[in-house]
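Asker: Before anything else, here's the structure in question.
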Amino acid sequence: MSTAAQVPDILSPEFAENPYPAYRAMRETAPLFWHEATQSWIISRYADVERVFKDKQAQFTTDNYDWQLEPVHGKTILQLSGREHAVRRALVAPAFRGSDLQEKFLPVIEANSRALIDQFRTTGAADIVGDYATRFPVNVIADMLGLDKADHARFHGWYTAVIAFLGNLAGDPEVAAAGERTRAEFAEYMIPIIRARRENLGDDLLSTLCAAEVDGVRMSDEDIKAFCSLLLAAGGETTDKAIASIFANLLAHPEQLAAVQEDRSLIPRAFAETLRYTPPVQMIMRQSAVDVEVSGGTIPAGATVTCLIGAANRDEDRYRDPDRFDLFREDLTATTAFSAAADHLAFALGRHFCVGALLAKAEVEIGVNQLLDAMPDIRFADGFDPVEQGVFTRGPQSLPVRFTPLAP
């Protein structure tokens with residue numbers, strides 16, 4: 001059995017600055033070890049993380065979300081299993097694929113992206129993070145739900161507090177308290193809106209959730225509130241960091257940026273490779289239902305398991321030259337990268353595969369296209385070198401760029 005002493009601690013400043021060398025050390029020398037501070041077993045190899053996510057033998061549960069998510073969201077679909085999970089997923093999933101996504105929400109995505117870009121398209125300078133990425137997905141979700149975008153600052157504050165709570169691996173009591181306050185504040189905001197929407201259904205996602213019924217089951221006010229909370233946090237933080245990371249990766253590889261500018265059909269490949277190379281969510285936890293053998297030893301029943309997506313997605317046993325960003329790589333399938341058949345792990349896999357993956361793909365394709373249209377000679381601001389930050393979620397905190405404004 002490997003020990004944590006063999007690798008840099010995931011709570012250390014060294015790890016936060018650059019986790020990728022630590023991930024390599026874990027895969028090579030400590031593919032399974034006990035981490036005392038988080039009270040969890042940590043796994044890092046692709047085969048092991050893939051196995052936990054797919055969970056074909058029902059050896060893992062999401063019971064860890066009882067303490068990890070419920071304090072900030074309430075009980076969510078992620079905590080459910082079996083038939084209860086299948087029915088709840090069937091209630092929400094149609095809104096995120098097929099005709100609903102195409103007809104109802106693509107225009108919402110396009111309009112929100114354009115409105116943000118209009119604020120800087122004539123200036124010659126922008127921060128891809130602050131001026132665009134942190135605002136875009138939250139605005140889209142607010143519009144999809146039929147909420148007032150004037151409340152954007154509140155939404156952003158809430159989801160920032162929730163993400164901080166989820167990433168509070170060191171157990172900071174102030175971060176925990178702020179996250180729990182968010183649950184009460186969001187409920188106070190959302191429950192009256194949900195009740196009013198039930199009385200006067202519209203054409204928005206919130207109305208769809210209020211009216212949805214599968215096998216005689218409908219979502220309660222609390223179910224809908226919890227799902228909206230999860231959607232804002234998961235859909236905001238991840239797409240925000242994905243868009244920033246795509247541009248950071250492409251700008252650092254000018255020949256690949258040029259290829260994408262020339263052929264926009266490569267955007268999904270750039271997104272898929274970004275999800276592999278610099279995934280916005282670096283770790284996801286599960287709980288073992290039985291004793292499970294993995295690389296390096298046995299995980300005991302009832303234990304929390306920290307699955308290091310950022311490490312697994314750079315496993316040299318799965319990907320050739322894994323520490324190189326290459327949207328043309330042949331060992332990553334772009335056509336399945338946004339489905340449960342994905343061969344990267346950034347959206348998880350199996351029955352808890354990210355329900356919003358196609359929404360994220362649509363946001364990224366539209367957003368990257370519109371940004372490249374507005375900034376054809378986009379480049380880093382002079383002297384800027386992008387720096388990733390974060391442990392649980394990770395991405396550039398700012399991304400200042402320069403470009404020549406197009407004539408009106």
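The values are calculated or read from the model by the stated rules, or taken from the named source; none is laboratory data. It should be emphasised that the depicted structure is a prediction, and the values quoted were computed from it without experimental measurement. For neighbour counting, all protein chains shown are included, and Cβ atoms are generated from backbone atoms with ideal geometry for every residue, glycine included. These accessible areas exclude ligands, DNA and RNA; they are computed on the full protein's heavy atoms, side chains included. Shrake-Rupley method; radii C 1.70, N 1.55, O 1.52, S 1.80 Å.
Asker: Go through (1) of a type in the set (S, T, N, Q); (2) modelled with pLDDT under 95; (3) within 21 Å of residue 397 (Cα to Cα); (4) in contact with a strand residue (DSSP E or B) (Cβ under 6 Å, 6 or more places away or on another chain) for residue 239 and report which single condition fails.
Answerer: In the conditions (1) of a type in the set (S, T, N, Q); (2) modelled with pLDDT under 95; (3) within 21 Å of residue 397 (Cα to Cα); (4) in contact with a strand residue (DSSP E or B) (Cβ under 6 Å, 6 or more places away or on another chain), residue 239 misses (4) alone.
Asker: Return the residues of segment 155-182 that are open to solvent by 70 Å² or more (accessible area, probe 1.4 Å), at pLDDT 85 or above and out of contact with any helix residue (DSSP H, G or I) (no Cβ under 7 Å at 6 or more places or on another chain); say none if nothing qualifies.
Answerer: Result: 173, 174, 181.
Asker: Kindly establish whether residue 255 is assigned to a helix (DSSP H, G or I), out of contact with any Asp or Glu (no Cβ under 7 Å at 6 or more places or on another chain) and surrounded by fewer than 18 Cβ atoms within 10 Å (Cβ to Cβ).
Answerer: yes
Asker: Kindly evaluate residue 226 against the criterion of being part of a helix (DSSP H, G or I) and either on the phi < 0 side of the Ramachandran plot or touching a residue at least 40 places away in the same chain (Cβ under 8 Å) (or both).
Answerer: In short, yes.
Asker: Can you tell me which residues in segment 147-167 are in a helix (DSSP H, G or I) and under 14 Å from residue 72 (Cα atoms)?
Answerer: 155, 157, 158, 159, 160, 161, 162, 163, 164, 165, 166
Asker: If you don't mind, another one. Does segment 201-219 include one or more residues that are modelled with pLDDT under 95, closer than 29 Å to residue 161 by Cβ, crowded, with 21+ Cβ neighbours inside 10 Å and of a type in the set (Asp, Glu)?
Answerer: no
Asker: Look through 268, 280 and report the one residue that is within 19 Å of residue 331 (Cα to Cα), of a type outside the set (Gly, Ala, Ser) and modelled with pLDDT under 95.
Answerer: 268
Asker: Going by the structure shown, is residue 298 at pLDDT 90 or above, part of a strand (DSSP E or B), among the β-branched types (Val, Ile, Thr) and open to solvent by 10 Å² or more (accessible area, probe 1.4 Å)?
Answerer: Criteria met by residue 298.
Asker: Considering only residues of segment 349-398 that are touching a strand residue (DSSP E or B) at 6+ places or on another chain (Cβ under 6 Å) and of a type in the set (A, V, I, L, M), which is surrounded by the fewest Cβ atoms within 10 Å (Cβ to Cβ)?
Answerer: 381
Asker: Scan segment 259-279 and tell me whether some residue there is in contact with a Pro (Cβ under 6 Å, 6 or more places away or on another chain), of a type in the set (D, E, K, R) and open to solvent by 10 Å² or more (accessible area, probe 1.4 Å).
Answerer: No, segment 259-279 contains no residue that is in contact with a Pro (Cβ under 6 Å, 6 or more places away or on another chain), of a type in the set (D, E, K, R) and open to solvent by 10 Å² or more (accessible area, probe 1.4 Å).
Asker: Which of the numbered conditions does residue 344 fail, given that it passes all the others? Conditions: (1) surrounded by fewer than 22 Cβ atoms within 10 Å (Cβ to Cβ); (2) at negative phi.
Answerer: (1)
Asker: Here is a further query. I'm checking my understanding of the structure. Among residues of segment 301-333 that are among the acidic types (Asp, Glu) and closer than 25 Å to residue 357 by Cα, which one is most open to solvent (accessible area, probe 1.4 Å)?
Answerer: Checking each candidate, the answer is 330.
Asker: How many residues are open to solvent by 20 Å² or more (accessible area, probe 1.4 Å) and more than 22 Å from the chain's Cα centre (by Cα) if we restrict to segment 183-195?
Answerer: 9
Asker: Given the structure, is residue 402 touching an Asp or Glu at 6+ places or on another chain (Cβ under 9 Å), basic (Lys, Arg) and open to solvent by 30 Å² or more (accessible area, probe 1.4 Å)?
Answerer: yes
Asker: Considering only residues that are touching a Phe, Trp or Tyr at 6+ places or on another chain (Cβ under 7 Å) and either free of Cβ contacts under 8 Å to residues at least 12 places away in the same chain or among the hydrophobic types (A, V, I, L, M, F, W, C) (or both), which ones fall in segment 179-208?
Answerer: Residue satisfying the conditions is 186 alone.
Asker: Moving on to the next point. Filter segment 338-385 down to residues that are part of a loop (DSSP other than H, G, I, E, B), more than 21 Å from residue 50 (Cβ to Cβ) and either at pLDDT below 90 or β-branched (Val, Ile, Thr) (or both), then give me how many there are.
Answerer: 1
Asker: On to the next question. When you go through (1) assigned to a helix (DSSP H, G or I); (2) more than 30 Å from residue 11 (Cβ to Cβ); (3) of a type in the set (Asp, Glu) one by one for residue 203, which number turns out not to apply?
Answerer: Only one criterion in (1) assigned to a helix (DSSP H, G or I); (2) more than 30 Å from residue 11 (Cβ to Cβ); (3) of a type in the set (Asp, Glu) is unmet by residue 203, namely (1).
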